[in-house]
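The values are calculated or read from the model by the stated rules, or taken from the named source; none is laboratory data. From a predicted model like this one, the values you see are computed outputs, not experimental measurements. Backbone-built Cβ (ideal geometry, glycine too); neighbour counts: all protein chains shown. These accessible areas exclude ligands, DNA and RNA; they are computed on the full protein's heavy atoms, side chains included. Shrake-Rupley method; radii C 1.70, N 1.55, O 1.52, S 1.80 Å.
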Amino acid sequence: IDDCASLRPTTTYIYNTSFEITKDSTICYLAYDVYGNEAKNNVSVKIIEPTTDDDKDGLPNDWEQQYFDCKTCADTDADPDTDGLTNYEEFFYSTDPTKADTDDDKLKDSDEIFTYNTDPTKADTDDDGINDYDEIFTYKTNANNKDTDNDGLSDGQEINTYHTNALKADTDGD
């Protein structure tokens with residue numbers, strides 16, 4: 001394959017599988033948000049280097065050792081921090097399986113991934129100076145867009161510096 005444009009769109013879910021990627025490999029993908037809209041940015045692909053997995057459960061020994069102090073004792077389907085993500089999902093999303101809120105922004109990891117489409121490893125997904133919880137529940141701004149009203153000022157600047165409405169491009173109506 002020389003380019004991705006020649007491929008027909010298909011839906012493929014890759015879960016706990018492996019395939020060979022070489023320096024000549026081409027990876028084509030479309031990403032969708034939780035609402036089924038095609039993602040326009042903030043898309044990442046996680047390529048995991050082969051590691052040792054003695055119990056063949058999809059969780060590398062070093063990951064199990066880091067979080068559970070053993071190499072083969074973590075149950076793939078368990079949810080020890082009760083955040084709604086299994087251990088395998090915690091591994092996949094790079095979240096902490098022993099902490100319901102990996103980034104300490106007051107949102108459970110599973111809610112960030114499946115409900116709000118925010119990054120559970122980053123308290124301020126869009127880097128605008130306001131944590132995700134406050135954007136969603138306090139200010140009602142978009143935690144994935146640093147300038148919700150597209151007026152050229154970040155939500156953080158409007159709220160913390162200028163004390164203007166981050167939802168309205170022309171706060172004073174002039």
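Quick notes on this structure:
- Share of carbon and sulfur in the accessible heavy-atom surface of segment 47-99 [1.4 Å probe, %]: 48
- Bridgeable aspartates and glutamates around K71 (alpha carbons under 20 Å apart, same-chain partners fewer than 8 residues away excluded): E49, D53, D54, D55, D57, D62, D79, D81, E89, E90, D96.
- Excluding same-chain neighbours fewer than eight residues apart, the aspartates and glutamates reachable from K168 by a Cα-Cα span under 18 Å are D128, D134, E135, D147, D149, D151, D155, E158.
- Cα-based Rg of segment 68-142 normalised by 2.2 N^0.38 Å, two decimals: 1.16
- For segment 105-148, with all protein chains in place and a probe radius of 1.4 Å, 46% of the accessible heavy-atom surface sits on carbon or sulfur.
- Within segment 136-174, trypsin sites (Lys or Arg not before Pro) in DSSP loop having at most 13 other beta-carbon neighbours inside 10 Å: K140, K168
- Between the C-alpha center of segment 106-174 and that of segment 49-70 there is a gap of 36 Å.
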